[in-house]
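What follows is a single structure, written as structure tokens, with notes after it.
Read-outs: derived from the displayed coordinates by stated rules, not from any lab. No experiment lies behind these values; they were computed from the predicted model shown. Cβ atoms come from the backbone with ideal geometry, glycine included; neighbour counts cover every protein chain shown.
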Amino acid sequence: MPKPESFPIEKIFVPTKQKKAIKPEIVGEIAESMLDIGQQEPISVRLDGDRLVLVEGLHRLEACKALGETTIIGVIVPAEVAQHKPQLAERPEVEAERLKMARLKQLRLEKEAAEASIAGRKGVNGTEAPRTRPTKGVRDNPKASPSRTAKSTPKTLSDWITQQKGHGGRY
């Protein structure tokens, strides 16, 4: 592994294809980390004539720029290694980690939704909210008087006979 050294940021060329991959939220996170603990991982660059071409470390480079730094720690890698190095997204272990994180995120979201649903059913004091019932029909209305229920229209002849017997009526 080559020895890390300090490079002037203005001398590092970032290919257009890499510039399109910048994610400002990641740059912000790395910049905050750099303020707290400094740069932990060097960037990788390759020589191209008089200039340095960024191979790996776009977000670290952008974080240093955002912090107003004029230099960054990096290592020079041979051009052959830089060309044959698989892109981060092409590495199987990175893809496996990405899938694992996506599954964990989905599980977390499902858990939060379930907890929110349970919390929504509970009242302010932590008890379950009362069920709402329609007051329209006698059968569904718990406040209906028993006499009204008894006088309801029977659906079958057997119901009518039972109703009449209960009131001492003749049929």
Within the stretch 5-90, percent of DSSP bridges classed antiparallel, to nearest 5: 65 percent
Over 21 Å between Cα atoms, which of 20/105; 23/111; 20/65; 3/23; 23/65 qualify? 20/105; 23/111; 3/23
Packing-based order for 18-24, 8-14, 116-122, using average beta carbon neighbours within 10 Å, highest first: 8-14, 18-24, 116-122
Total charge dipole magnitude, the stretch 5-90, about the Cα centre, Cβ charges on Lys, Arg, Asp, Glu only, Debye to nearest 20: 360 debye
Plugging the Cβ-Cβ distance of residue 67 and residue 47 into 1/(1 + (r/R0)^6) at R0 = 22 Å yields, to the nearest 0.05, a FRET efficiency of 0.30
Residue-by-residue Karplus 3J(HN,Hα) for the stretch 62-72, coefficients 6.51, -1.76, 1.60, Hz, glycine and proline x: 5, 5, 5, 4, 5, 7, x, 5, 9, 10, 9
Extended-chain gain in nm, criterion 0.36 nm per residue less alpha-carbon gap, residue 103 and residue 33: 22.6 nm
Go through 97-106, 61-70 and give me the packing order, highest mean Cβ count within 10 Å leading. 61-70, 97-106
